[in-house]
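In what follows, a single structure is set out as structure tokens and then discussed.
Just so you know, all these numbers are worked out from the coordinates, no wet-lab data involved. These numbers were taken from a predicted model, which means no experiment stands behind them. Neighbour counts are summed over all protein chains in view; Cβ atoms, including those assigned to glycine, are modelled from backbone coordinates with ideal geometry.
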Amino acid sequence: MEPASPPAESSELRLIRTEQADGTTCLTVEGDVDAITGDYFRKTVMGLLDDPGVVRVQLNLAGLQFIDSNGVTVLVKAHRAASERGTNLRITQTTDNIRGLLELLGVYNTLSA
Amino acid sequence: MPQRTGTPQPSHMPDGAHRLYECEFTRADLGSIRAALASHASAHGVADQARFNFILAVNELTTNAIVHGGGGGCVRLWHHGDALWCEIVDTGRGLTPAQLDRMRKPDPRQHGHGLWLVKHICGSVHIDTGEHGTRVLLRYPVPAP
């Protein structure tokens, strides 16, 4: 399924999917996850887990500038859904600010493992 | 403590407060509000995680106003004493007791833990909510100059 188009408003989110040689599917997340871009983020991330060709997922958060509480919920739900289908999903290259938020919510260790 | 009253009480910006920013907003303005807050926070010496958290707290409340408060509201920012003060007002149906209850503990597996984050980040949060809207006032300390 094609993800919804990213909305053109005051928040921008770019999601770039690449396949690595070792079979890992990498999603590079750049910009903001908020109420404007949240649906696009959720559909794209959950969509990866609907793809039978996806066996391992890395979400590269180096370019993530902002994420709201609903965006964190998407990460947590995606991690749980991935575990249920036997897929490893983890976040990588989290910036200090985002890591601080995820630690405050008690989910950083789970999401990055 | 959260209160439930009929109508949000009019805001009170004290004498000597320095008004920094005001914006009537809808969903499309979320990003530009964050950018404006980042700029004002930086100008008052709020940086790094503290700045990120302040923007996050306000964004949770503007988002609440958009989702539960009739599609938008008004955000105002001022500096007074040793703190930034930010007020978010909407004219929606108000926060439910269940929503206020979620301030007590976070559960990132469920949507709706934003208010817990706001309370945890800001320390001082005044919520005035009722069937004609919600007004939230945040106090965010700034470093001494």
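Percent relative contact order of chain B, based on C-alpha pairs within less than 8 angstrom and at least six residues apart?
Across chain B, relative contact order equals 33 percent.
Using helices alone, I'd like the mean residue ellipticity at 222 nm for chain B: each DSSP H run of four-plus residues gives -39500 (n - 2.57), total over residue count, nearest 500.
-10500 deg cm²/dmol
So how do A:46, B:13 line up by other beta-carbon neighbours within 10 Å, fewest first?
By the 10 Å Cβ count, ascending: B:13, A:46.
Cα convex hull of chain A: mean projected area in nm², to one decimal? Walk me through the numbers on the way to the answer.
On the way: hull surface 26.2 nm².
Mean shadow area of the hull around the Cα atoms is 6.6 nm².
Return the Rg/Rh ratio of chain B with Cα-based radii and a Kirkwood Rh.
0.94
Hey, got a sec? Which trypsin sites (Lys or Arg not before Pro) in segment B:60-145 land in a DSSP loop and have at most 16 other Cβ atoms within 10 Å?
On the way: sites: B:76, B:93, B:102, B:104, B:109, B:119, B:135, B:139; in loops: B:93, B:102, B:104, B:109.
In loop regions of segment B:60-145 (DSSP not H, G, I, E or B), the sparsely surrounded trypsin sites (Lys or Arg not before Pro) are B:93, B:104, B:109.
Where both residues lie in chain B, what percent of DSSP beta bridges are antiparallel, nearest 5?
Beta bridges within chain B, antiparallel portion: roughly 95 percent.
Give me B:101, A:22, A:68 ranked fewest to most by other Cβ atoms within 10 Å of their Cβ, as a rough exposure proxy.
A:22, B:101, A:68
Arranged by the count of other C-beta atoms within 10 angstrom, fewest first, what order do A:32, B:90, B:29 take? Each step should come with its number before you reach the end.
Numbers: A:32 23, B:90 28, B:29 20.
Lowest count first: B:29, A:32, B:90.
Let's test this: bin the Cα-Cα distances of the protein assembly as shown at 10 Å from zero up to the farthest pair and state each bin's percent.
Going out from 0 Å in 10 Å bins, the protein assembly as shown shows 7, 30, 34, 20, 8, 2, 0 percent.
Using a cut-off of 13 Å between beta-carbons, work out the net charge of the residues near residue A:45 (Lys and Arg +1, Asp and Glu -1, residue A:45 not included).
+3
Under 27 Å between alpha carbons, and skipping anything fewer than 8 positions from residue A:43 in its own chain: which lysines qualify?
A:77
If you place +1 on the Cβ of every Lys and Arg and -1 on the Cβ of every Asp and Glu, how big does the dipole about the Cα centre of chain B come out, in debye to the nearest 20?
Rounded to the nearest 20 debye, it is 360 debye.
Under Stokes-Einstein, with the Kirkwood radius over Cα pairs standing in for Rh, what whole-number D in µm²/s applies to segment B:44-96 at 37 °C and 0.692 mPa s?
D = 273 µm²/s.
Over the protein assembly as shown, what is the percentage of antiparallel beta bridges among all DSSP beta bridges, to the nearest 5?
70 percent
What's the whole-number percent of alpha carbon pairs in segment B:68-145 lying beyond 14 angstrom?
Distances greater than 14 Å cover 65 percent of the Cα pairs.
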